[in-house]
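All remarks here apply to the structure that follows.
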Amino acid sequence: LWNNWRANPSAMLKADKLTREHVLKIVDKSDKHPVRFGKQSLRFEVRNGDGWGWDARNDRERVELNMCCVNRKKITWTAWSLYLPDDYKIIFPAKTMLAQFHNDADNPPAFAFENQSHVEKKGGGYWIEVDNYINGGDNVPIKLLDKSQMYAKWNDILVNVKWTHKKDGFFKIWTNGKLAFHHKGKTQDKDELIEFHVGVYRSYLSNTSKPDATQIAYYDEIRHAKSCKKLKLKDLGYSCKEIEGQ
């Protein structure tokens, strides 16, 4: 369970392979798939009906990769790159999550990266929602990237966290090298274990009246370390000195 990847939901793995062969693939640049750096990337695809186990019973569909437990170090750095095809479909007012930091207990995701804002009542873009068990607030999403910035291009996300149940914690997000969000205070409950998830996670599907469109997302350059330097971001065009100076 320590920094090992696993597919989620696990019930999916019990389904017939022919019904889930599309959900997660390692794909090649030589086959004209988008790749951020190197020769391969991860392709996630969720179709209408791709719900298994608990998800199927609770108005959800998803395919994610989870890594546990990212907060075993007090201060961590996590990076990933996200690419949405130019024909990507928004399913708002159903909800799509595109990465999350989730606890191992019954609390909601502490920090959720979402494809919509329920407050502004619109879909598209990339938003961070901090749950009220973390900030004591109203779960108001903050925009990180506009809808116009999301399609047919790679966006690089970088997160630096001090994991603590005390007031001296922080959660910082850079998008494409620019500081976009800075939470100060509690980042977890006491003794919680925090997982990092990437993929496509759809919920509140009954909010839409039609079968929801297929959604495809590519991820690449997923990196996790205890310092910015150890992420080795230079090959992506970033300087830790510049990043940490913001």
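The values are calculated or read from the model by the stated rules, or taken from the named source; none is laboratory data. This structure is a prediction, so every number in the text was calculated from the model and none was measured. Methodologically, a virtual Cβ is constructed for each residue, glycine included, from the backbone with ideal geometry; neighbour enumeration extends over all protein chains shown. Surface areas here come from the heavy atoms of the whole protein model, side chains and all, with no ligands, DNA or RNA. Shrake-Rupley method; radii C 1.70, N 1.55, O 1.52, S 1.80 Å.
Just one of the listed residues (Lys234, Lys186, Lys230, Lys241) is open to solvent by 20 Å² or more (accessible area, probe 1.4 Å) and not in a helix (DSSP H, G or I), and it is Lys186. If you check Ala15, Ala105 for being surrounded by fewer than 18 Cβ atoms within 10 Å (Cβ to Cβ), touching a Phe, Trp or Tyr at 6+ places or on another chain (Cβ under 8 Å) and at pLDDT below 95, only one passes: Ala15.
Across segment 189-221, the qualifying residues are those that are in a helix (DSSP H, G or I) and in contact with an Asp or Glu (Cβ under 7 Å, 6 or more places away or on another chain), and the one among them that is farthest from Val70 (Cα to Cα) is Ser206. For segment 121-161, taking the residues that are in contact with a Phe, Trp or Tyr (Cβ under 7 Å, 6 or more places away or on another chain) and of a type in the set (Ser, Thr, Tyr), the one that is least open to solvent (accessible area, probe 1.4 Å) is identified as Tyr126. Within segment 87-96, the presence of a residue that is open to solvent by 80 Å² or more (accessible area, probe 1.4 Å), in a loop (DSSP other than H, G, I, E, B), in contact with a strand residue (DSSP E or B) (Cβ under 9 Å, 6 or more places away or on another chain) and farther than 22 Å from Thr208 by Cβ is excluded. Determine, yes or no, whether Gly169 is surrounded by fewer than 17 Cβ atoms within 10 Å (Cβ to Cβ), free of Cβ contacts under 8 Å to residues at least 24 places away in the same chain, closer than 19 Å to His183 by Cα and of a type in the set (Gly, Ala, Ser). Against the criterion (surrounded by fewer than 17 Cβ atoms within 10 Å (Cβ to Cβ), free of Cβ contacts under 8 Å to residues at least 24 places away in the same chain, closer than 19 Å to His183 by Cα and of a type in the set (Gly, Ala, Ser)), Gly169 does not qualify. Checking segment 155-169 against the condition returns a match, with at least one residue being within 18 Å of Val200 (Cα to Cα) and of a type outside the set (A, V, I, L, M, F, W, C). Applying the set (1) buried (at least 19 other Cβ atoms within 10 Å of the Cβ); (2) in contact (Cβ under 8 Å) with a residue 24 or more places away in the chain to Thr164 leaves exactly one unmet item: (1). Scanning segment 209-227 for residues that are open to solvent by less than 30 Å² (accessible area, probe 1.4 Å) and over 18 Å from the mean Cα position of the chain (by Cα) returns a single hit, Asp212.
Which numbered condition trips up Asn48, out of (1) touching a strand residue (DSSP E or B) at 6+ places or on another chain (Cβ under 8 Å); (2) open to solvent by 40 Å² or more (accessible area, probe 1.4 Å); (3) within 30 Å of Phe171 (Cβ to Cβ)? The number of the failed condition is (3).
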